[in-house]
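Visitor: Below is the structure I would like to discuss, written out as structure tokens.
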Amino acid sequence: MQDLKSALKRFFGHDVFRPLQEQIIAEVLNNRDLLVIMPTGGGKSLCYQLPALLKPGLTLVVSPLISLMQDQVNALKDRGIGATFLNSSLNSQEIQSRSREILQGNIKLLYVAPERLLSEGFSVFLTQIQQDVGISALAIDEAHCVSEWGQDFRPEYRQIKGLRQRYPQVPMVALTATATTRVRQDIIQQLGLIKPGVYVDSFNRPNLYYEVVSKDKRDYPQLLKYIKLQQGSGIVYCLSRRRVEEVASRLQADGISSLPYHGGMDDTVRSVYQNRFIGDDVRVMVATIAFGMGINKPDVRFVFHYDLPRNLESYYQEVGRAGRDGERAICVLFFSRGDIRTIDYLIKQKSDPSAQRLARQGLSSMVDYAESTVCRRKIQLSYFGERFSGSCQNCDNCLNPKPQEDWTIEAQKFLSCVARCQERFGMNHIIDVLRGSRKEKIERYGHHLLSTYGIGKDISSEAWKRLGRSLLDQGLVNATNDDYAILKLNKLSWEILRNSRRVSVAVATPKAEKQQTKDIESEFLWLQLRQLRQKLADRLGIPPYSIISDSTLKVLSQRQPTTKAQLGQISGLNQSKIAQYGDLFLEEIKAFLASTHLPEQLPSPTQIATLELHQQGLSVKAIARERNLTTSTIYRHLAELISLNRPVNLDSLVLPSKQAAIKAALLKWGATNLTPVKAYLGEDYTYSEIQLVRAWLQKKS
């Protein structure tokens, strides 16, 4: 295992494996079929990438999206690793050139889409690869696409099983971030995995903060306010293409750099937009769910759902785009019951009754999540069959717990009805019986004759549902893991019925905001290093995170290394990275340390916020709009930042020709009282421009 750790450091710059990675990699090296389920950001890719570098031959990776495979290949090549892809974005000459490299043994990882993998021409090429260099493993990324029970089924994935029959000796590794128990079984069957090792990492993403807010009637201003409160880049998910275009347009008009992304756009335009987002040229991407799986940007700091997702699995997949670097990220769902009617209308358009039923169950799980008053994380993990005890302290319900009401009597009525219905029905049927519904199904089973029939008429259906969800969330009743979610009593249920356990249900209250604190000095150095990274990325034409991740930048800003030996001790920096970029980052850190002022002279958090937006290229007016401040306040921040020797671009604020005139006037009239300076210069010059140049002169002196 020590050899694996040294290989991890050599190729990827990391000192330790994440949970399960080391065991999985050892299994891959032993040629065993595997099903690997890890949450987004958990390190699935490393599970086949590192073995590919340690085994003879080529590892074939099936990936469903062109943009995703391009990102992964670029990241590997930047680490000095032989990787390439073959897809429809290449011309014939490029395909021939890459094919030669593969057959010459220069490539260790080849990414292809399932459509190409199954084509006749590629089948011939595979035979040649096997003869000349050998196929060491077959990795199936986004393996949930193989299952009709998954939320992104692709028929082409079903045909991959043919490769197992053609190359029975080649181990197959199926990987996905989301899979219920049913989907896992389907993946194993549809891919023909032979006695696979099944590794299921925790679905818990502790760095993600979850929140649900009631959507206002004036919903767009509410969204805009939330975006302005965030730093970094983010994604806003909408249900329809029209909504995507509308929101992106309004954000642009309000000074937020944003772009739309949906299936109705030209492929080339979508690719350009996605690359601009990955390259940090655009701060916010407004997208339909089509954007969810294809984005490989690790430093997304927030994901907002402007509309209700169709099911909890889709929601988990989409918020999984946030915080893949392990740093804190915010996930907010804007919820309105009007969204339920919209999705229900879309469900009715499905012709298959079975598909309608499954879709409604998915919608029900999503509504339960949105309206629940218990830990959001607990509900998500329970959906995937994982138990989470206690309070996560990183969701709105845990940080701002709602007052509790005693609902023991109502719980006894509910559970008694479950028992009298012989534990054969789901929640909706139980509530219908309690409320005395006259549905045909109730009379058909004789449930109108039960003692619990109609004993809950005085309580609304929604209140009964809230109780039912709370009982499930607290483990006070069970539900079968199938299409119908039939309620079953457990030991705790009987304790409630025997009056030896009380039941409390939370009631909703207004949300309180959580405050955050920052280490100002390391935060400022992080901004400078981020600016350097952006310049390098622009010059090289690659995404900024391909150079150094946000999490590594954060460690650099905290530890402030000054030698390459110290750089080598930081996780995420291998020797290839240090050789390419080490000197540049060390120079930046040393310059910062040489110019750092005393603590009382460091920029304040509000000045740092202004500086970050200035470094993104926003005008003073745009920064003022973004921060809801006056332009005079922003000019004052920038002048103070110049005085503190921070990298403010004076030329973008004051024309060089004006700077010369202002400098001359300040030398003539002095810098203490600006009134005579302004009078001397005339109406073409503003006090703000004079203050900025004065700050620059004072810094120089």
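The values are calculated or read from the model by the stated rules, or taken from the named source; none is laboratory data. Just so it is clear, the structure is predicted and the values come from calculations on it, not from any experiment. Backbone-built Cβ (ideal geometry, glycine too); neighbour counts: all protein chains shown.
Visitor: On the given criteria, is Gly43 out of contact with any Cys (no Cβ under 8 Å at 6 or more places or on another chain), within 23 Å of Thr181 (Cα to Cα) and crowded, with 17+ Cβ neighbours inside 10 Å?
Guide: Values: out of contact with any Cys (no Cβ under 8 Å at 6 or more places or on another chain): yes; within 23 Å of Thr181 (Cα to Cα): yes; crowded, with 17+ Cβ neighbours inside 10 Å: yes.
Considered against the rule, which asks whether it is out of contact with any Cys (no Cβ under 8 Å at 6 or more places or on another chain), within 23 Å of Thr181 (Cα to Cα) and crowded, with 17+ Cβ neighbours inside 10 Å, Gly43 comes out as yes.
Visitor: So, in the range 136-154, exactly how many residues are at pLDDT 75 or above and either more than 22 Å from Asn311 (Cα to Cα) or not hydrophobic (A, V, I, L, M, F, W, C) (or both)? Break it down into steps so the answer makes sense when it comes.
Guide: Narrowing the range 136-154 to residues at pLDDT 75 or above: 136-147.
Pick out the ones that are also either more than 22 Å from Asn311 (Cα to Cα) or not hydrophobic (A, V, I, L, M, F, W, C) (or both) and you get 136-142, 144, 147.
Number of matching residues: 9.
Visitor: Assuming Ser382 fulfils every condition listed in (1) of a type in the set (S, T, N, Q); (2) outside any loop (DSSP other than H, G, I, E, B); (3) at pLDDT below 90; (4) in contact with a Ser or Thr (Cβ under 8 Å, 6 or more places away or on another chain) apart from one, which condition is it?
Guide: (4) is the only condition that Ser382 fails.
Visitor: Can you find a residue in the range 292-304 that is acidic (Asp, Glu) and buried (at least 21 other Cβ atoms within 10 Å of the Cβ)?
Guide: Kept after step one, since they are acidic (Asp, Glu), are these residues of the range 292-304: 299.
Restricting the remaining residues to those that are buried (at least 21 other Cβ atoms within 10 Å of the Cβ) gives 299.
Yes, some residue in the range 292-304 is acidic (Asp, Glu) and buried (at least 21 other Cβ atoms within 10 Å of the Cβ).
Visitor: Could you please find all residues in the range 310-323 being among the polar types (S, T, N, Q) and either within 8 Å of the chain's Cα centre (by Cα) or part of a helix (DSSP H, G or I) (or both)? Full working, then the answer.
Guide: Residues of the range 310-323 that are among the polar types (S, T, N, Q), as a first pass: 311, 314, 317.
Across the range 310-323, the qualifying residues are Ser314, Gln317.
Visitor: All but one of (1) among the charged types (D, E, K, R); (2) outside any loop (DSSP other than H, G, I, E, B); (3) crowded, with 17+ Cβ neighbours inside 10 Å hold for Arg32; state the number of the condition that does not hold.
Guide: (2)
Visitor: May I pose another question? Yes or no: the range 439-457 includes at least one residue that is under 24 Å from Arg501 (Cα atoms), out of contact with any Gly (no Cβ under 9 Å at 6 or more places or on another chain) and not assigned by TED's automatic domain parsing to the domain that holds Arg337.
Guide: Looking through the range 439-457, at least one residue is under 24 Å from Arg501 (Cα atoms), out of contact with any Gly (no Cβ under 9 Å at 6 or more places or on another chain) and not assigned by TED's automatic domain parsing to the domain that holds Arg337.
Visitor: Is there a residue being at pLDDT 80 or above and either under 19 Å from Ile227 (Cβ atoms) or touching a Cys at 6+ places or on another chain (Cβ under 8 Å) (or both) anywhere in the range 336-347?
Guide: There is at least one residue in the range 336-347 that is at pLDDT 80 or above and either under 19 Å from Ile227 (Cβ atoms) or touching a Cys at 6+ places or on another chain (Cβ under 8 Å) (or both).
Visitor: Kindly state which helices (runs of 4 or more DSSP H) lie completely within the range 396-447 and contain at least 3 residues that are within 37 Å of the chain's Cα centre (by Cα). Walk me through it before giving the result.
Guide: Values: elements: 396-399, 408-420, 427-434, 440-444.
Because the criterion is at least 3 residues that are within 37 Å of the chain's Cα centre (by Cα), the helices (runs of 4 or more DSSP H) in the range 396-447 that meet it are 396-399, 427-434.
Visitor: What number goes with the only condition from (1) surrounded by 19 or more Cβ atoms within 10 Å (Cβ to Cβ); (2) modelled with pLDDT under 80 that Ser372 does not pass?
Guide: Evaluating Ser372 over (1) surrounded by 19 or more Cβ atoms within 10 Å (Cβ to Cβ); (2) modelled with pLDDT under 80 leaves (2) as the failure.
Visitor: So which of Pro64, Pro56, Pro19 ends up being over 23 Å from Ala143 (Cα atoms) and of a type outside the set (A, V, I, L, M)?
Guide: Working: Pro64 fails: over 23 Å from Ala143 (Cα atoms); Pro19 fails: over 23 Å from Ala143 (Cα atoms).
Only one candidate passes the filter, namely Pro56.
Visitor: Okay, next question. Can you pull out every residue in the range 659-685 that is surrounded by 17 or more Cβ atoms within 10 Å (Cβ to Cβ) and either aromatic (Phe, Trp, Tyr) or under 22 Å from Gln615 (Cα atoms) (or both)?
Guide: Across the range 659-685, the qualifying residues are Gln659, Trp669, Tyr685.
Visitor: Quick one: what pairs do we get from the range 203-223, first residue hydroxyl-bearing (Ser, Thr, Tyr), second surrounded by 14 or more Cβ atoms within 10 Å (Cβ to Cβ) and in a strand (DSSP E or B), C-beta under 7 Å, 6+ apart or different chains?
Guide: Qualifying pairs under 7 Å: Tyr209/Ile330; Tyr209/Cys331; Tyr209/Cys395; Tyr210/Cys331; Tyr210/Cys395; Ser214/Phe335.
Visitor: Can you tell me which of (1) outside the structural domain of Ile547 (by TED's automatic domain parsing); (2) under 30 Å from Ala7 (Cα atoms) is the one Leu655 doesn't meet?
Guide: (2)
Visitor: Can you name the residue in the range 543-569 that is surrounded by fewer than 18 Cβ atoms within 10 Å (Cβ to Cβ) and β-branched (Val, Ile, Thr) and is also farthest from Ser233 (Cα to Cα) among such residues?
Guide: Thr563
Visitor: Can you pull out the residues in the range 675-700 that are under 43 Å from the mean Cα position of the chain (by Cα) and either over 23 Å from Gln531 (Cβ atoms) or part of a loop (DSSP other than H, G, I, E, B) (or both)?
Guide: From the range 675-700, those under 43 Å from the mean Cα position of the chain (by Cα) are 688-689, 691-693, 695-696, 699; that's our starting set.
Correct list: Ser688, Glu689, Gln691.
Visitor: Exactly one condition in (1) over 27 Å from Ala248 (Cβ atoms); (2) outside the structural domain of Asp473 (by TED's automatic domain parsing); (3) out of contact with any helix residue (DSSP H, G or I) (no Cβ under 8 Å at 6 or more places or on another chain) is false for Gly320; which is it?
Guide: (1)
Visitor: Now a separate question. Within the set of pairs 6 or more residues apart or between chains, which connect a residue that is in a loop (DSSP other than H, G, I, E, B) inside the range 544-573 to a residue that is modelled with pLDDT of 85 or more and of a type in the set (Phe, Trp, Tyr) with Cβ atoms less than 9 Å apart?
Guide: That search, which allows pairs on different chains as well, returns Ile548/Tyr581; Ile548/Phe585; Pro561/Phe585; Gly572/Phe12; Leu573/Tyr581.
This table checks each residue for (1) in contact with a Pro (Cβ under 7 Å, 6 or more places away or on another chain); (2) assigned to a loop (DSSP other than H, G, I, E, B); (3) of a type in the set (Asp, Glu); (4) not assigned by TED's automatic domain parsing to the domain that holds Ala75.
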{"residue": "Val286", "(1), (2), (3), (4)": "yes, no, no, yes"}
{"residue": "Phe302", "(1), (2), (3), (4)": "no, no, no, yes"}
{"residue": "Leu308", "(1), (2), (3), (4)": "no, yes, no, yes"}
{"residue": "Asp325", "(1), (2), (3), (4)": "yes, yes, yes, yes"}
{"residue": "Leu333", "(1), (2), (3), (4)": "no, no, no, yes"}
{"residue": "Gly338", "(1), (2), (3), (4)": "no, no, no, yes"}
{"residue": "Thr342", "(1), (2), (3), (4)": "no, no, no, yes"}
{"residue": "Leu358", "(1), (2), (3), (4)": "no, no, no, yes"}
{"residue": "Gly362", "(1), (2), (3), (4)": "no, no, no, yes"}
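Visitor: Within the range 426-433, is there a residue that is touching a residue at least 24 places away in the same chain (Cβ under 8 Å) and either closer than 30 Å to Phe302 by Cα or touching a Lys or Arg at 6+ places or on another chain (Cβ under 6 Å) (or both)? I'd like the intermediate steps shown before the answer.
Guide: Start the filter on the range 426-433 by keeping residues that are touching a residue at least 24 places away in the same chain (Cβ under 8 Å), which leaves 426-427, 430-431.
Then drop every residue that is not either closer than 30 Å to Phe302 by Cα or touching a Lys or Arg at 6+ places or on another chain (Cβ under 6 Å) (or both), which leaves none.
No: zero hits.
Visitor: While we're looking at this one, here's another question. Being of a type in the set (D, E, K, R), assigned to a loop (DSSP other than H, G, I, E, B) and surrounded by 15 or more Cβ atoms within 10 Å (Cβ to Cβ), is that true of even one residue in the range 186-203? Step through it out loud before you land on a result.
Guide: Filtering the range 186-203 down to residues of a type in the set (D, E, K, R) leaves 186, 195, 201.
Right, trim to assigned to a loop (DSSP other than H, G, I, E, B) and you get 195, 201.
Now drop any that are not surrounded by 15 or more Cβ atoms within 10 Å (Cβ to Cβ), which leaves 201.
Checking the range 186-203: at least one residue is of a type in the set (D, E, K, R), assigned to a loop (DSSP other than H, G, I, E, B) and surrounded by 15 or more Cβ atoms within 10 Å (Cβ to Cβ).
Visitor: Mind listing whichever residues of the range 159-185 are among the basic types (Lys, Arg), surrounded by 18 or more Cβ atoms within 10 Å (Cβ to Cβ) and more than 24 Å from Gly41 (Cα to Cα)? Step through it out loud before you land on a result.
Guide: Within the range 159-185, the first condition is being among the basic types (Lys, Arg), and the residues that meet it are 161, 164, 166, 182, 184.
So of that shortlist, the ones also surrounded by 18 or more Cβ atoms within 10 Å (Cβ to Cβ) come out as 184.
Those that are among the basic types (Lys, Arg), surrounded by 18 or more Cβ atoms within 10 Å (Cβ to Cβ) and more than 24 Å from Gly41 (Cα to Cα): none in the range 159-185.
Visitor: Follow-up. Does the range 397-415 contain at least one residue that is over 24 Å from Val212 (Cα atoms), of a type in the set (Gly, Ala, Ser) and at pLDDT below 95?
Guide: For the range 397-415, residues over 24 Å from Val212 (Cα atoms), of a type in the set (Gly, Ala, Ser) and at pLDDT below 95: present.
Visitor: Continuing with the same structure: Could you say whether any residue in the range 361-368 is closer than 17 Å to Glu313 by Cβ, without any contact (Cβ under 8 Å) to a residue 24 or more places away in the chain and within 29 Å of the chain's Cα centre (by Cα)? If you could, list the steps in order and put the result at the bottom.
Guide: Here is the first cut: in the range 361-368, the ones closer than 17 Å to Glu313 by Cβ are 361-368.
Those left that are additionally without any contact (Cβ under 8 Å) to a residue 24 or more places away in the chain: 364.
Narrowing the set further to residues that are within 29 Å of the chain's Cα centre (by Cα) leaves 364.
Yes: the range 361-368 contains one or more residues that are closer than 17 Å to Glu313 by Cβ, without any contact (Cβ under 8 Å) to a residue 24 or more places away in the chain and within 29 Å of the chain's Cα centre (by Cα).
Visitor: If you don't mind, there's one more thing I want to ask. Under 18 Å from Lys699 (Cβ atoms), out of contact with any Gly (no Cβ under 6 Å at 6 or more places or on another chain) and either surrounded by 17 or more Cβ atoms within 10 Å (Cβ to Cβ) or not aromatic (Phe, Trp, Tyr) (or both) - does that describe any residue in the range 576-591? Reasoning before the result, please.
Guide: In the first step, residues of the range 576-591 are kept if they are under 18 Å from Lys699 (Cβ atoms); the result is 591.
Now drop any that are not out of contact with any Gly (no Cβ under 6 Å at 6 or more places or on another chain), which leaves 591.
Among the residues that remain, those that are also either surrounded by 17 or more Cβ atoms within 10 Å (Cβ to Cβ) or not aromatic (Phe, Trp, Tyr) (or both) are: 591.
Checking the range 576-591: at least one residue is under 18 Å from Lys699 (Cβ atoms), out of contact with any Gly (no Cβ under 6 Å at 6 or more places or on another chain) and either surrounded by 17 or more Cβ atoms within 10 Å (Cβ to Cβ) or not aromatic (Phe, Trp, Tyr) (or both).
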